Amino acid sequence: MSKLKNRILGAVIGATVMGLTAFAAQAEKWDMPMAYSDSNFHTQNGKAFAEAVTMATGGKLEIVVHGGGSLFKGNEIKRAVQTGQAPIGERLLSAHQNENILFGFDSVPFMASSFEASEKLWKAARPKIEKVLLDQNLVLLYAVPWPPQGLYFKKDINSIADTKGVKFRAYNAATARLAELSGMLPVQIEAAELVQALATGVADAFISSGATGYDKKVWEHLSHFYNVAAWLPRNYVFVNKDAWDKLDKDTQNVVKALAMLAEKAGTTKSQQLSGWYLSQLAKNGMKVGPATGQFKKDLENIGATMTKEWLAKSGADGKAIVDAFKAMK
Ligand code: PCA
């Protein structure tokens with residue numbers, strides 16, 4: 001090879017390596033733990049969001065979703081993101097009500113039982129939740145509601161007396177309190193372990209959406225779904241603040257815009273699917289219907305007690321959220 005050719009080749013290789021190094025230095029890969037199964041609509045929505053970010057940034061920020069609690073379990077995700085073990089993640093925030101009572105604003109019984117009310121409540125609460133999360137080193141991106149929560153049992157329930165002593169799977173403080181006030185025995189279990197708990201008799205009842213009943217083929221263990229629409233809890237996607245600050249402004253703006261889209265798309269999907277999930281429960285042999293008579297009254301009384309308790313504990317901040325929510329009606 002001539003000297004000139006050698007020199008040209010050297011320059012080309014040098015430039016390529018430099019280019020690659022520059023690219024590698026700028027490109028970020030974010031692993032995104034999510035707790036719910038890959039087929040769940042939240043996880044699907046999270047994947048669409050991740051792909052949109054990767055595409056819109058030309059791979060400068062690549063987000064890779066790990067569903068089903070495969071990277072971190074549901075109850076580990078928030079801490080993992082706070083401490084930077086994962087740069088981004090999704091969590092049912094009401095499960096952390098013991099850290100801050102405000103996280104339970106979306107699980108107050110019968111305060112916001114429809115998608116429309118849930119939207120308003122979220123609008124009222126969002127600035128405060130953003131602030132609490134920021135104080136915990138977390139930047140909130142978006143939140144999507146689960147369909148309305150109903151009660152799963154393996155027998156007819158005519159009044160709360162029929163639930164006495166039943167082992168009840170709880171997913172946050174509100175679900176545990178509901179069990180206590182009904183004379184049931186709460187046991188905290190992540191959705192990923194729900195089927196096993198039902199199969200082994202660790203739990204014989206729970207409260208959740210039709211989505212989780214469908215995802216977990218609950219008809220294999222339980223027979224009744226009481227569509228009480230107690231509340232619509234949300235899953236939240238948040239980012240470690242240090243990881244966020246490392247992004248340039250352009251990338252941050254792209255992520256924020258796509259997060260807004262993901263919140264809208266996920267909420268629409270939740271609403272569109274909510275009736276379909278219940279039809280699937282019925283199709284698979286479950287008795288699906290409202291709570292009536294004494295059972296309905298008992299639940300309303302429990303709801304009133306829990307509302308009082310949440311308002312007492314959350315003080316001025318809780319009151320401000322509820323007042324802002326009510327003013328929107
Ligand atoms: N499914 C989740 C939380 C709320 C819901 O509908 C669960 O049961 O864990």
Given H placed on each backbone N at 1.01 Å, which residues far from Ile63 in sequence or on other chains put an amide H within less than 5 Å of it? Trp30, Thr54
By the C-alpha gyration tensor axes a ≥ b ≥ c (rounded if a/c is under 1.5, else prolate when a/b exceeds b/c, else oblate), the shape of region 269-329 is oblate
Exposure proxy order (Cβ contacts within 10 Å, fewest to most) of Val81, Val195: Val195, Val81
Net charge near Asn284, counting Lys/Arg +1 and Asp/Glu -1 over other residues with Cβ under 13 Å of its Cβ? +2
Estimated vicinal HN-Hα couplings, Hz - region 165-180 in sequence order (Karplus 6.51, -1.76, 1.60; Gly, Pro = x): x, 6, 7, 10, 6, 10, 10, 7, 5, 5, 5, 5, 5, 4, 4, 4
Interchain or sequence-distant (5+) residues whose placed amide H lies within less than 5 Å of the amide H of Ala203 are Leu198
How far is the Cα center of region 271-302 from the Cα center of region 164-219, in Å? 15
Count the lysine pairs in region 67-186 whose Cα atoms lie under 24 Å apart, taking only pairs 8 or more positions apart in sequence or on different chains. 11
Nearest-20 debye value, region 96-237 charge dipole, Cβ charges on Lys, Arg, Asp, Glu: 140
Roughly what % of Cα-Cα distances in region 152-283 sit above 25 Å, to the whole percent? 39
Would you kindly state how much longer the chain becomes between Lys29 and Met328 on full extension, computed as 0.36 nm times their sequence separation minus their alpha carbon distance, in nm to one decimal? 103.6 nm
Given the Cα-Cα distance of Val64 and Leu261 and 0.36 nm per residue of separation, how much length would full extension add, in nm? 69.1 nm
If amide hydrogens are placed 1.01 Å from N in the peptide plane, which non-local residues have theirs closer than 5 Å to the one on Leu185? Gly165, Val166, Lys167, Phe168
Using Cα-only point scatterers and the Debye equation, what is log10 of I(q)/I(0) for the chain at each q in 0.16 Å⁻¹, rounded to two decimals? -1.38
Between Ala161 and Gln196, the FRET efficiency computed from the C-beta separation at R0 = 35 Å comes out, to the nearest 0.05, as 0.75
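Just so you know, all these numbers are worked out from the coordinates, no wet-lab data involved. Computed from a predicted model, the values in this text were never measured in an experiment. Please note: Cβ atoms are built from the backbone with ideal geometry, for glycine as well, and neighbour counts cover all protein chains shown.
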